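Derivation of every value follows stated rules applied to the coordinates shown; laboratory data play no part. The shown structure was predicted, so the numbers you read here are calculated from the model rather than taken from an experiment. Don't worry about glycine lacking a Cβ; one is built from the backbone with ideal geometry, like all the others, and counts go over all protein chains shown.
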């Protein structure tokens, strides 16, 4: 019996993210929040339309990941892909690209408005990181492809 199971049985219903895998709806919503905050940043800060590849490409990735989780939520490959996507958006999109780093092919604006846009973008990735980590904390599904 795991510590989570023991706490659940003894504690009268105490549950943690390790006790059950996130539902496909929850993962889909987290992917949606992730994309919407990225889109909000792009529309606010960049001369992009919703239909531009910089916006539709990430939407397509989010949709593919959502369908993959719906069909094969127990797959470690799907779970790691979702976590990788979340961390890529959080670290690169939300944090690195707001910093005036010489490795970037552009010089980001250093203003409160720009920092706030990136803060919203970054916070929007947190639910996706959390659901991906919760999925990965579950024991592997015996029939899931890796």
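So the values come out like this:
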item	result
log10 of Debye I(q)/I(0), alpha-carbon scatterers only, for the stretch 67-115 at 0.19, 0.21 Å⁻¹	-0.67, -0.72
Mean projected area in nm² (Cα convex hull; one quarter of hull surface) for the stretch 22-137	7.1 nm²
The stretch 96-138 - Rg (one decimal) and Dmax (whole number), Cα, Å	14.3, 42
Distance (nanometres) between label positions extended 7 Å along Cα→Cβ at residue 92 and residue 23	3.3 nm
Theoretical gain in end-to-end length, residue 120 to residue 60 [0.36 nm per residue, Cα-Cα removed]	19.5 nm
